[in-house]
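Asks: Here it is, the structure, as structure tokens.
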Amino acid sequence: MADAVTAPLARAILKRGREGPVRGGNPWIFSQAIDRVEPSSPEAGSLVTVHDASGALIGMGYCNPATTIAIRMLAWGEAPAIEDLVSRRIKSALELRRRFIRDDTNSYRLVNGDGDGLSGVVVDRFGDVLVVQILTAGADRMRATIVAALNELLHPRSILERSHGAVRKQEGLEDHVAVLAGEAVTGTIAAENGIKIKIDFEHGQKTGYFLDQRDNRAMAGAIARDARVLDAFCYQGGFSLAALAGGATKVIAVDTSARALEIARQNLDLNQYPANAVEFVHGEAGKFMAETPNRFDLIVLDPPPLARNRGDAERAGRLYVELNSVAMRALAPGGRLMTFSCSTHFRGDDVVRAVRFAASNAGRTLRLLAHLGPGPDHPVLLGHAEGEYLTGLLLADL
Ligand code: SAH
């Protein structure tokens, strides 16, 4: 053990002039920026100190020689031993959340990867159940330390792992779904803005629920009074429930996942709404909007990521324009549209441009009321634009 702790880390030396982004807080170092690693050929996931071309220390990260993001930074300047760093990071992540998570909410993102100084690690909290996603080879080595820190800080009933997806595959890792500590729970009831939400850990998407939309659901509730609402791409009905709580008169919710709709129905019951409080439509949201004779005072448009990679962005842009055009046509005069894109390859100004284009196609004059994004439990390092993904706009028909 003593050897493992005290063994000096490998050193990665950057090419001359390539230290700018990382010094500016971008945690991702691409292989082209690296001059050499000493000793060479470190194992995937091993820790390295990172230095500029003159040898000056920049910080510490972990490497994977097999991926284009060759190093992911964990700390800038001198770093403590990894166990101390992980425990410190998780502790400060929790302290930050405690400052702004409302009392009527027990579910939030506790650790948001790079944005919390723990690249490749996501922890979502649903009351006394924690769901961990470990995405990279470097993060994979921290599993036991993460579990120990979470247990010590929160004493959860259960820590589950649900690690799957494209990033793990690129990292050379298999999917990993397991009970890491405590009970083997399959579901729980979360509280979000005072609304009860059933979480299905076995079959739900991602960690079970899309916590990044919490504040936007609250916003939808705040503007839903007396409105006819369309929740397009509703998943388990989070926006629909918020709209009902906000006084919507009619809600239609559309999704292609029968399982998600089944849980959405259960969520109505959980919150003491009658089964017909929402009209659920099992089908394609785009097709539904193009064909419905209904007009809506509030439409929420929250599609899955339409661009899976950078090369896909143009095709995704066309799809996105089309989807927004049909939504705008289904807006009642004076209606509001909350439109989102959750792809890192199609965000920010791309979304604004596409939505302008859609308005022009639809022949509507819309006003931009607010830029929307994920809540503050999804922090992103200031130097890391690639870490941003969820872009939303709140629009109102003139
Ligand atoms: N608004 C949701 C999250 C949406 S995630 C929330 O607040 O929690 C995207 C959803 O789109 C998923 O539930 C997925 O099943 C659904 N989906 C994917 N393609 C679809 C399509 N063409 N039409 C309708 N729903 C679709």
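Asks: Search the structure for amide H atoms under 5 Å from the amide H of Gly45, placed 1.01 Å from N in the peptide plane, and list their residues when 5 or more places away or on another chain.
Replies: Cys63, Asn64, Gly138
Asks: ³J(HN,Hα) across region 272-285 via Karplus (A = 6.51, B = -1.76, C = 1.60, θ = phi - 60°), whole Hz, x for Gly/Pro?
Replies: 6, 9, x, 4, 8, 5, 10, 8, 8, 10, 8, x, 6, 5
Asks: Give the carbon-plus-sulfur fraction of the accessible surface of region 89-160 in %, rounded to a whole number; probe 1.4 Å, heavy atoms of protein chains only. Intermediate results must be reported in sequence, preceding the final value.
Replies: Values: 1170 of 2630 Å².
Answer for region 89-160 is 45 percent, counting heavy atoms of protein chains only.
Asks: What are the residues whose amide H is under 5 Å from the amide H of Phe296, where those residues sit 5 or more places off or on another chain and H is modelled from the backbone?
Replies: Here Leu331, Ala332 satisfy the definition.
Asks: I'd like the distance separating the alpha-carbon centroids of region 359-397 and region 37-66, in whole Å.
Replies: Region 359-397 and region 37-66 have Cα centres spaced 36 Å from each other.
Asks: Measuring from centroid to centroid over Cα atoms, what is the spacing of region 71-95 and region 144-183 in Å?
Replies: 18 Å
Asks: Report, to the nearest 10°, how far helix 313-329 tilts away from the longest principal axis of the Cα atoms in the chain, using its own Cα long axis and a range of 0 to 90°.
Replies: Approximately 30 degrees, to the nearest ten.
Asks: Under 26 Å Cα to Cα from Lys196, which lysines show up? Leave out anything in the same chain fewer than 8 places away.
Replies: Cross-link targets: Lys206, Lys250.
Asks: Let me ask you something else. What number, rounded to the nearest 500 deg cm²/dmol, is the helix-based mean residue ellipticity at 222 nm of the chain, given -39500 (n - 2.57) per DSSP H run of at least four residues and division by all its residues? Show your work: numbers first, answer last.
Replies: Values: 12 runs with 117 residues, N = 398.
Helices in the chain give a 222 nm mean residue ellipticity of -8500 deg cm²/dmol.
Asks: Another question, if that's okay. Run the 1.4 Å probe and let me know the accessible area of Tyr389, rounded to the nearest 10 Å².
Replies: About 60 Å², ignoring ligands and nucleic acids.
Asks: Once you list every other residue whose beta carbon is under 15 Å from the beta carbon of Gln236, what net charge do they have if Lys and Arg are +1 and Asp and Glu are -1?
Replies: Neighbour charge sum, excluding Gln236 itself: -3.
Asks: Could you state the angle between the C-alpha long axis of helix 143-154 and the longest principal axis of the C-alpha atoms of the chain, as a value from 0 to 90 degrees rounded to the nearest 10?
Replies: On a 0 to 90 degree scale, this one is about 60.
Asks: Another question, if that's okay. Ignoring the sites themselves, what is the longest stretch of the chain with no GluC sites (Glu not before Pro) in a DSSP loop and at most 12 other beta-carbon atoms within 10 Å?
Replies: That gives 203-398 as the longest site-free run.
Asks: In Å², and per residue, what accessible area does the chain have when probed at 1.4 Å with the other protein chains present?
Replies: I get 45 Å² per residue for the chain.
Asks: Where does the charge balance sit around Gly194 when Lys and Arg score +1, Asp and Glu -1, over other residues with C-beta under 12 Å from its C-beta?
Replies: +1
Asks: Same structure again: Quick query: amide H of Ala181 versus all other amide H atoms, modeled in the peptide plane; which residues come in under 5 Å with a sequence gap of 5 or more or a different chain?
Replies: Ile159
The values are calculated or read from the model by the stated rules, or taken from the named source; none is laboratory data. Values in this document were obtained by computation on a predicted structure and should not be read as measured data. When we count neighbours, we look across all protein chains shown, and the Cβ atoms used for this are built from the backbone with ideal geometry, even at glycine. We work out accessible area using only protein heavy atoms, side chains counted, and drop any ligands, DNA or RNA first. Shrake-Rupley method; radii C 1.70, N 1.55, O 1.52, S 1.80 Å.
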